[in-house]
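Okay, so here's the structure we're looking at.
The values are calculated or read from the model by the stated rules, or taken from the named source; none is laboratory data. The shown structure was predicted, so the numbers you read here are calculated from the model rather than taken from an experiment. All accessible areas refer to the heavy atoms of the entire protein, side chains included, with ligands and DNA or RNA removed. Shrake-Rupley method; radii C 1.70, N 1.55, O 1.52, S 1.80 Å.
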Amino acid sequence: MREVRFSPAGYRDLAAVYLYTLKRYGADQADRYVSEIARSCERVFDRPGSSRDASRYRKGLRFHQSGRHQIFYVRSSSGALECRPHPAWPDEYRGPSVTR
């Protein structure tokens, strides 16, 4: 069974992406952008060769570029993909709830 999920920090990052995009570009663009990030996680699940190694930061960590964001992920022991988008913005755009 295919399972793609966001880590708790990933949900916070995704919310920050949505709110920033909503404020700057409107609801339609925010919906499209966050949906594209989610689809990127699904594509990585289907095509793991499209990502790059990032295990120097954490064992088993990989990343995939999605627009101006990097999607970091690990595959759990059950085979699920746990994703976390990393916004590629200056810190002042991230908001106080996003952890590094």
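Below, the figures for the structure above:
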item: Per residue accessible area in Å² of segment 41-80, where ligands, DNA and RNA are left out and the probe is 1.4 Å; result: 66
item: Kirkwood estimate for segment 3-69, i.e. one over the average of 1/r between Cα atoms, Å; result: 12.9
item: Under-5 Å amide H pairs with Ser66, H placed in peptide plane, nonlocal only; result: Ile71
